[in-house]
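Peer 1: Questions regarding the structure given below will be posed in turn.
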Amino acid sequence: MTTPTRGYTATKDQLLARLRRIEGQVRGIEKMVEEDRYCIDVLTQISAIQAALDKVGLGLLDGHARHCMHEGATEGKAEEMADEMLSAVARLMRRG
């Protein structure tokens, strides 16, 4: 059984490195809270993590649009793929 090709397959190593960096930032926030750091400093780090996750999400959407949706269109699933993409964008945009 072969591993399927995804929209992020070509940049998987970069994606994993970015996610590990974000994971480290989250651990850093945990340490800040344990050390009773100033609220605004913690919030600033949370904002940085959200921005980093947004960048990851946008990269995944880009890969999905360029690879997965293109592949789906050739298989006659264009409308289904478009609906799925719009749902994913809506989920990423919902916050708070």
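To keep it simple, each residue is scored yes or no on (1) farther than 26 Å from ALA17 by Cβ; (2) basic (Lys, Arg).
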site: GLU35; (1), (2): yes, no
site: CYS39; (1), (2): yes, no
site: ASP54; (1), (2): no, no
site: LEU60; (1), (2): no, no
site: HIS64; (1), (2): no, no
site: ALA73; (1), (2): yes, no
site: LYS77; (1), (2): yes, yes
site: ALA82; (1), (2): yes, no
site: LEU92; (1), (2): no, no
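Peer 1: Let me ask something else. I want to confirm something. Restricting to the stretch 39-49 and keeping residues that are in contact with a helix residue (DSSP H, G or I) (Cβ under 9 Å, 6 or more places away or on another chain) and over 30 Å from MET69 (Cβ atoms), which single residue is surrounded by the fewest Cβ atoms within 10 Å (Cβ to Cβ)?
Peer 2: Per the criteria, the residue is ASP41.
Peer 1: I'm checking my understanding of the structure. Among residues of the stretch 5-39 that are within 24 Å of the chain's Cα centre (by Cα) and hydroxyl-bearing (Ser, Thr, Tyr), which one is modelled with the highest pLDDT?
Peer 2: THR11
Peer 1: With the requirement that a residue be outside any helix (DSSP H, G or I) and within 15 Å of THR11 (Cα to Cα), what does the stretch 61-76 give you? Walk me through it before giving the result.
Peer 2: Residues of the stretch 61-76 that are outside any helix (DSSP H, G or I), as a first pass: 75-76.
The answer is none; no residue qualifies.
Peer 1: List every residue pair whose Cβ atoms lie under 7 Å apart, where the two residues are 6 or more positions apart in sequence or sit on different chains, the first residue falls within the stretch 80-96 and is surrounded by 14 or more Cβ atoms within 10 Å (Cβ to Cβ) and modelled with pLDDT under 90, and the second residue, located anywhere, is among the hydroxyl-bearing types (Ser, Thr, Tyr) and part of a helix (DSSP H, G or I).
Peer 2: Every condition considered, no pair remains.
Peer 1: Next up: Select from the stretch 44-74 the residues that are under 16 Å from the mean Cα position of the chain (by Cα) and among the acidic types (Asp, Glu) and list them in ascending order.
Peer 2: ASP54, ASP62
Peer 1: Is at least one residue of the stretch 10-28 hydroxyl-bearing (Ser, Thr, Tyr), without any contact (Cβ under 8 Å) to a residue 24 or more places away in the chain and either loosely packed, with under 11 Cβ neighbours inside 10 Å or in a helix (DSSP H, G or I) (or both)?
Peer 2: No, because not a single residue in the stretch 10-28 is hydroxyl-bearing (Ser, Thr, Tyr), without any contact (Cβ under 8 Å) to a residue 24 or more places away in the chain and either loosely packed, with under 11 Cβ neighbours inside 10 Å or in a helix (DSSP H, G or I) (or both).
The values are calculated or read from the model by the stated rules, or taken from the named source; none is laboratory data. It should be emphasised that the depicted structure is a prediction, and the values quoted were computed from it without experimental measurement. When we count neighbours, we look across all protein chains shown, and the Cβ atoms used for this are built from the backbone with ideal geometry, even at glycine.
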